[in-house]
Amino acid sequence: MLELLPGIGVVLPDGAGTLRFGMTPDEAEVMLKAAPRSHRGRQCMTLARADYKELRHAHDAWLTGILFDPAWSTCAVFDGVTVTVAGGGPGRTDRLTSINIGPDPSSGAPSATPVVWDGVDLFGHPVKDVVSVLPEPVRPSLPAVTSPRTTTEVTVEPLGLRLSENPSAADRWSRLTLLGTPTGWETCCAGTFACAGDGDGLVGILRY
């Protein structure tokens, strides 16, 4: 079982410990490497924060996982569930701020590891049932400008949580992002998951 502790981090399965917001990359890596399987994520793009003309563009890229940071590239797999982490925005890049949990891409089977918040298995119940027990406000996530989303997403600001449903996931949430605060993006963001400047992750990179 992975247990979400909003504002604190995530308790990993099998006594592997607690990933805590504010950890350094080295501290987080030691914990993730204790998983049954772990590996370094591959860099599929070469984008860095310095490549973006405006802060809001980098913020959107960070939220959608476009940016690659070698210091935060360790992936851990626990019986069908993959855990990845990221540092924060300006002034927070050396501290754990984002924890992402999703399916193991190498396994075609449903996860055998419950992902739990307050006793609720977030991936184990229908989407509407999970939403009904989350604290308000719960709102639909804003769609990315660069590519229309094919998933259903909701944001739960009080928890710093975003849940995503893959169309093939049989009416179940299949991915989540848990953020610690502050994230370092407060100078451009109206909220934890919303960019006040309508950020578009690839502006200044592929479009001018």
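Summary table below
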| read-out | value |
| --- | --- |
| The one condition in (1) open to solvent by 50 Å² or more (accessible area, probe 1.4 Å); (2) within 25 Å of Cys195 (Cα to Cα); (3) of a type in the set (D, E, K, R) that Asp79 fails to fulfil | (2) |
| Count - residues of the stretch 63-91 that are under 20 Å from Leu4 (Cβ atoms) and in contact with a Pro (Cβ under 9 Å, 6 or more places away or on another chain) | 12 |
| Members of the stretch 187-208 that are modelled with pLDDT of 75 or more and exposed (fewer than 15 other Cβ atoms within 10 Å of the Cβ) | Thr187 |
| Residue among Arg56, Arg42, Arg92 that alone is farther than 18 Å from Thr177 by Cβ, assigned to a loop (DSSP other than H, G, I, E, B) and of a type in the set (Lys, Arg) | Arg42 |
| Set Asp121, Asp14, Asp69, Asp60: member being surrounded by 14 or more Cβ atoms within 10 Å (Cβ to Cβ) and more than 30 Å from Ile205 (Cβ to Cβ) | Asp121 |
| Total residues in the stretch 13-30, condition in contact with a strand residue (DSSP E or B) (Cβ under 6 Å, 6 or more places away or on another chain) and at pLDDT below 95 | 1 |
| The one condition in (1) surrounded by 15 or more Cβ atoms within 10 Å (Cβ to Cβ); (2) farther than 22 Å from Glu165 by Cα; (3) of a type in the set (Gly, Ala, Ser) that Gly91 fails to fulfil | (1) |
| Candidate set: the stretch 32-54, residues that are over 18 Å from Asp69 (Cα atoms) and of a type in the set (A, V, I, L, M); chosen: the one surrounded by the most Cβ atoms within 10 Å (Cβ to Cβ) | Ala35 |
| Cross-chain or 6+ apart pairs with Cβ under 9 Å, the stretch 175-204 first and within 17 Å of Ile66 (Cβ to Cβ) and assigned to a strand (DSSP E or B), then basic (Lys, Arg) and at pLDDT 75 or above | Arg175/Arg162; Thr177/Arg162; Leu179/Arg162; Cys189/Arg56; Cys195/Arg56; Val203/Lys53; Val203/Arg56 |
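The values are calculated or read from the model by the stated rules, or taken from the named source; none is laboratory data. Being a predicted model, the structure only gives us computed values, none of them experimental. We place every Cβ from the backbone using ideal geometry, glycine too, and count neighbours over all the protein chains shown. The accessibility values were calculated without ligands, DNA or RNA, using every heavy atom of the protein model including side chains. Shrake-Rupley method; radii C 1.70, N 1.55, O 1.52, S 1.80 Å.
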